[in-house]
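A quick write-up on the structure given underneath.
Laboratory data are not the source of any read-out in this text; all were calculated from the coordinates shown. Since the model is a prediction, treat every value here as computed from it, not as a measurement. Every residue, glycine among them, receives a Cβ derived from its backbone with ideal geometry; neighbour counts consider all protein chains shown.
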2 protein chains.
Amino acid sequence: MSEAPRRGRADDATTSKPPIRDALVAAAFRLFVERGYEHTTVDDIVALAGVGRRSFFRYFPSKEDVVFPDHERCLAEMTAFLAHGGDADDPVARVCDAARLVLRMYAENTAFSVQRYRLTRRVPGLRAYELSVVWRYERALAGYLRDRFAGRPDGALRADVIAAAVVAAHNNALRSWLRADGEGDAAAQVDHALAHVKRTFGDGTGPRPAAAGGDERDDDVVVVVSRRGAPLWRVVQEIESTLGRD
Amino acid sequence: MSEAPRRGRADDATTSKPPIRDALVAAAFRLFVERGYEHTTVDDIVALAGVGRRSFFRYFPSKEDVVFPDHERCLAEMTAFLAHGGDADDPVARVCDAARLVLRMYAENTAFSVQRYRLTRRVPGLRAYELSVVWRYERALAGYLRDRFAGRPDGALRADVIAAAVVAAHNNALRSWLRADGEGDAAAQVDHALAHVKRTFGDGTGPRPAAAGGDERDDDVVVVVSRRGAPLWRVVQEIESTLGRD
């Protein structure tokens, strides 16, 4: 048990929720860093935060959940963002934008995110918990894409593959940034990674605004000449540079 | 505790490993189905299998592991398969072939795989365990691709995205098959899903054999005409049908 004084009462949470929640997260991380995740109990955390044990479980179902306090909120934001899209949205661009909500959550508190990343890499239970969170994000993206691709050949397959690719690209950039202790421009790195996905799977330009002077640009004809033996991805690169997209 | 008679001794495992291991898996699944995963203890399993508690932990680190008895072997096979590839292998085709090892493991025992699928969907702890297994497969594929793409621009990013796409496509087909109680041709469904990934990311033909009569086919010129406004994926579909690839 921690020797920190108890400064509050068990029912504090009913009167001022956010400060207590924040205090629990801060206390938990201080203890995780000082004595290790496995050697910290919920009792230790509530003692340091100065609240009762029941308060902890009012905010967090388990000790794992205090490590990822904002994922539920972020998942709800993502679900709402996807639900409010329209049929005119480019579906791949939409899921890329949805993934950026996760990056924003991490970037809101760089020091906390870096600390948590280090902790998660050391504690297998937390790693497993994080994978289940990532899986829920991926299913939210895939669910949206499955709706958008409904009725198309291989719609569900395409949805699952794109959702996985978006999550992988986002996490590739996010983890590089976390490994570099949060140095550098996380948003730019994630944008770069997601642009790669958009190039691979879709035009990524979203709905085009009505051009003054009509749609001549849309009606432009592009001719690509390629050797039959060239790998498809090289042909696609060639088209991209011909179309001037990046 | 189960009332099944104990037919063996605690040290059976030292003399005939595979039968005891199989007996433990069979006993565990019979109990999981009869009384539920959460209400089955390791003691119940060893009692039904007729072996001692120590035998169980000689084969399985935990109760979760008995649900996925073959993943370690499959992961080792996958790692070895990838390590034995050569520079001439098409990297995307190679990871697709590696993913097929997982399908083969599931298809070896359809009834067991279908039963496990139903169990895993009901028990959150098993779902989390399965996600960590899937993650290890994905990292094995990504590690191979990162080596193959080393030094290329965005090599690690491309590796992570392709590995995630391969796993998502494989699992899309695998889960459809499991949801259909193992009816239908699992291998054909997985082949179809992986062909989609190969079309998206690479030519998927691997190294071409030297054609009798020279390389005329490689030198064929393909002309694709497309409106500039068309989404890139539509252009790619057009090229694919022009090239006659599927």
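Put a point 7 Å out from Cα along the line to Cβ at A:ALA111; what are the distances to that point in the other copies, in nm, shortest first?
Label-point distances to the other copies, shortest first: 6.1 nm.
Quick check: from the Cα gyration tensor, does the range B:81-145 come out rounded (a/c under 1.5), prolate or oblate?
In terms of gyration-tensor shape, oblate.
For peptide B:128-137, what's the mean number of Cβ atoms from other chains within 10 Å of each residue's Cβ?
Mean inter-chain Cβ contacts per residue within 10 Å come to 4.
Taking each label point as 7 Å beyond Cα in the direction of the beta carbon, state the distances from B:GLU34 to the same residue in the other copies, shortest first, in nm.
Copy-to-copy label distances for B:GLU34: 5.0 nm.
For the range B:152-204 and the range A:96-116, write down the distance between their C-alpha centroids in whole Å.
When both Cα centres are located, 29 Å separates them.
Taking the alpha-carbon set of the range B:8-152, what are its Rg and Dmax in Å?
17.8, 58
Kindly put B:MET105, B:MET78 in sequence by how many other C-beta atoms sit within 10 Å of each C-beta, fewest to most.
B:MET105, B:MET78
If a/c stays under 1.5 just call it rounded; otherwise compare a/b with b/c (prolate if a/b is bigger, oblate if not). Do that for the range A:66-201, with a ≥ b ≥ c from the square roots of the Cα gyration tensor eigenvalues.
Numbers: a/c = 1.97, a/b = 1.67, b/c = 1.18.
Since a/c reaches 1.5 and a/b is larger than b/c, the shape of the range A:66-201 is classed as prolate.
In nm to one decimal, list the spacings between the B:ARG54 label point and its equivalents in the other copies, with label points set 7 Å along Cα to Cβ, shortest first.
Distances to the matching label points in the other copies: 4.8 nm.
Using the Cβ atoms and a cut-off under 12 Å, what net charge is assigned to the surroundings of B:SER176, where Lys and Arg are +1 and Asp and Glu are -1?
-3
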